[in-house]
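Student: Please find one structure pasted underneath; my questions will follow.
The values are calculated or read from the model by the stated rules, or taken from the named source; none is laboratory data. Since the structure is predicted, the reported quantities are computational estimates derived from the model, not experimental observations. Reconstructed Cβ throughout: ideal geometry from the backbone, glycine too, with neighbour counts over all protein chains shown. Side chains are part of the model used for accessible areas, which takes the heavy atoms of the whole protein and leaves out ligands, DNA and RNA. Shrake-Rupley method; radii C 1.70, N 1.55, O 1.52, S 1.80 Å.
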Amino acid sequence: MILEAQDLRCAYGQRAVLKGVNLKVGSGQIMAVLGGNGAGKSTLLKCLNRILPLAGGEVRLDGMDLARMPRHQIARRIAYLPQRQEPDQLTVFDSVLLGRRPHIAWSASRRDHRVVEECLESLGLVHLAWRRMDQLSGGEAQKVALARALAQEPALLLMDEPTSSLDLHNQLEWADLVWSLVRRRGLAAVVALHDLSLALRLADRLALLKNGKVHSDCPVNELDEAAIAQVYGVRVRLTTVEGWPAVVPLGLMEKSA
Amino acid sequence: MGPGPSTPPVLAGFNQQRRWVLVKGLLLLAATVLAAYLAVVLGAFDLTPGAVLGALLGREEGRAALVVWGIRLPRIAASLVMGWSLGLAGLGTMSLLKNPLASPFTLGISQGAAFGAALAIVAFGAGNLGAPALAGQSGGYWSLANAYLLTGCAMLGSLAVTAVIVLLARVRKMSPQAVILAGVALSSLSLSGTILVQYLASEVEVAAVVFWTFGDVARSTWREIGLLAAAALPITVYFLRHRWDLNAMNAGEDLALGLGVEVERVRLTGMLLCGLLVALGTAFHGVVAFLGLLAPHIARRLVGADHGLLIPFSCLLGGLLLLLADTAGRLLVGSGSLPVGVLTSFLGAPLFLYLLLKGGPR
């Protein structure tokens, strides 16, 4: 599977948010989309899935233009995890079963139920299967969202700031889970993140957005401090601690710099 | 069919849940059958079970047959079909607008239909509703042209309100509470229109409109019941067909889009179908308040948030509640003249206040 975005443009009314973004991600690869608030990370993810209409450019999935594909067919290939989990009274089982919606014509089959069961098992959610979604903790809800996305049996996962409401323990658990799922199932993933250290730990490639454009697109080991400084306006030190990459902020850049 | 020893725990839980829901569904059906039985037997003219059975089987003639076939059965059928329709439209508006306070009555859709129908009665002479109503009879006074005119005008009124609500909720992105306030404003507007129509009408027409706006299931003939059922059935199938979409939309609009749901298309079509159903129901039975709010909320308590279960339960509960309210109304006053809309208001208004205080059940 290869997803390619070319000269992607998107606007909210008169305000242009994406101003010609180019991206490419393939199977077995995790791409972290980074950038400051309002850089267009969430908008980019929604454009990659045709949730938002494009003002220009195109997205191709294995060479096929997404604009020509029916929405349910896109949903069979691309799963999207929104940034915010809205309170919902469905049970965890029914919520994960929703992931089968693109595959279901009228009613869920035995296979659909099996897929849901496998997803719940692989994420350790069986004990929560009959609990209501609005009774879960943030970490549990995020896992259910991931299980729902896996139930879609997609080739690509789009995740919009999935760790923003998680504590440190849940962030690490989630990152390890996504990393192993992508490797094991041969998926591709595009993840919008705020935490640079987590992005370096999880991703293979980084795309840094600034003012609606890709400032740099590089493998993780090629990221340099200057690029971060230019995108975030913060002086940082890139380092490793016990083999794990880490970004240490040193201070704000001078406005004139 | 119990789960065998090899059934995995999750699916065993699923089977158990479904069995429990089936039991609840059967109990609800049994309650409806019992309520229908009581509604046939009890009333100003007491009937023995034997006489009812005889009339149903065509063995009994005379007054018993007249009461059963001419008065009580149409009334029961009208209650069930109207209640079904309002339960469905209530759930539909609630889910499509993602607003637990939304219903055809609280959004002013019923009142819009009422205004359209009042206009049809007074301005175009549709329906000669006063005379049979005042004579305490039901049926036999509708001409097909009148029914079309009345229904058409009710539909225009209801769809106009529906369109404004959809615009406010979606385009202006109003909060659920603000949409309800807009519903209050639209409701007042429709009410003012109805009052203006009454002001300009003759005494007989005023009596007809006032009687008609009460909300009553006693005035239906089999033709109206059939027409409403003919609309309610395919609309129920439409909502069942889109039950996954409604579940997804309730979990979040972006999520639903990501799951392949054509959100705007489903919302617009669904709301128009709800408006159509409410228009037909209101044209034939007047404004029945709050039932569209009561039935879905009780259904949600019984079976949870899955629309695959919520839709049938909401429809069945709507029918049962309206039948109980109508039967209670008949028995309370004896003469059969207490409109059912009055009773549903007494039941529904406290629930609405409770939901407001609670900030909605979601």
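Student: Which one, A:Gln14, A:Gly36, A:His169, projects farthest toward the positive side of the charge dipole computed for chain A from Cβ point charges (K/R +1, D/E -1)?
Tutor: Of A:Gln14, A:Gly36, A:His169, it is A:Gln14.
Student: Which residue, A:Ser95, A:Ser42, A:Ser165, has the most motion in a Gaussian network model of chain A that connects Cα atoms within less than 10 Å?
Tutor: Taking springs between Cα atoms under 10 Å, the residue moving most is A:Ser165.
Student: Taking 0.36 nm per residue of sequence separation and subtracting the Cα-Cα distance, how much length would be gained by fully extending the chain between A:Thr239 and A:Tyr12, in nm to one decimal?
Tutor: The span from A:Thr239 to A:Tyr12 would gain 77.9 nm if fully extended.
Student: Shifting gears a bit: Roughly how big is the A-B contact, given as buried accessible area in Å² (both sides, 1.4 Å probe, nearest 100)?
Tutor: 3100 Å²
Student: Continuing with this model, one more query. Could you give the size of the charge dipole of the protein assembly as shown about its Cα centre, using +1 on the Cβ of each K and R and -1 on the Cβ of each D and E, expressed in debye and rounded to the nearest 20?
Tutor: Computed charge dipole of the protein assembly as shown: roughly 340 debye.
Student: Moving to a separate point now. Using 1/(1 + (r/R0)^6) with R0 = 22 angstrom and r between the beta carbons of A:Leu168 and A:Val248, what's the FRET efficiency to the nearest 0.05?
Tutor: Approximately 0.85, to the nearest 0.05.
Student: Sorting A:Arg114, A:Arg201, A:Arg68 by accessible area (1.4 Å probe), largest first, what list results?
Tutor: A:Arg68, A:Arg114, A:Arg201
Student: Which residue, A:Asn49, A:Pro102, A:Met64, has the largest displacement toward the positive end of the dipole of region A:31-175 when charges sit on each Cβ (Lys, Arg +1; Asp, Glu -1)?
Tutor: The Cα lying farthest towards the positive end belongs to A:Met64.
Student: For the protein assembly as shown, with the dipole built from +1 on Lys and Arg beta-carbon atoms and -1 on Asp and Glu ones, taken about the Cα centre, which of A:Leu125, B:Ala207, A:Ala151 lies farthest toward the positive end?
Tutor: Of the candidates, A:Ala151 comes out farthest on the positive side.
Student: Now, a different point. How shielded is A:30-37 by partner chains, expressed as the average number of their Cβ atoms within 10 Å of its Cβ atoms?
Tutor: Partner Cβ neighbours, averaged per residue: 0.
Student: Run the Debye formula on the Cα coordinates of region B:83-357, all scatterers equal and no solvent, and tell me log10 I(q)/I(0) at q = 0.08, 0.12, 0.15 1/Å.
Tutor: -0.30, -0.68, -1.06
Student: Accessible area of A:Glu225, 1.4 Å probe, to the nearest 10 Å²?
Tutor: My reading of the accessible area for A:Glu225 is about 70 Å².
Student: Got a number for the accessible area of B:Ile195? Probe 1.4 Å, square angstrom, nearest 10.
Tutor: Looks like 100 Å² after rounding.
Student: Only Cα pairs within less than 10 Å get springs; with that Gaussian network setup on chain A, which residue of A:Thr43, A:Thr239, A:Thr91 has the largest fluctuation?
Tutor: A:Thr239
Student: Per residue of region B:246-253, what does 6.51 cos²θ - 1.76 cosθ + 1.60 with θ = phi - 60° give for ³J(HN,Hα)? Whole Hz please, x for Gly and Pro, Karplus curve as stated.
Tutor: 5, 4, 5, 5, 6, 8, x, 5
Student: How large is the charge dipole for chain A, taken about the Cα centre, if only the Cβ atoms of Lys, Arg (+1) and Asp, Glu (-1) carry charge, to the nearest 20 debye?
Tutor: Numbers: 32 positive and 28 negative charges, 158 e Å.
For chain A, the charge dipole is close to 760 debye.
Student: A further question on this structure: Say the cut-off is 30 Å between C-alpha atoms; which of A:Lys46/B:Lys24; A:Lys143/B:Lys98; A:Lys19/B:Lys98; A:Lys41/B:Lys173 go over it?
Tutor: Details: A:Lys46/B:Lys24 41 Å; A:Lys143/B:Lys98 24 Å; A:Lys19/B:Lys98 33 Å; A:Lys41/B:Lys173 23 Å.
Table pairs above 30 Å Cα-Cα are A:Lys46/B:Lys24; A:Lys19/B:Lys98.
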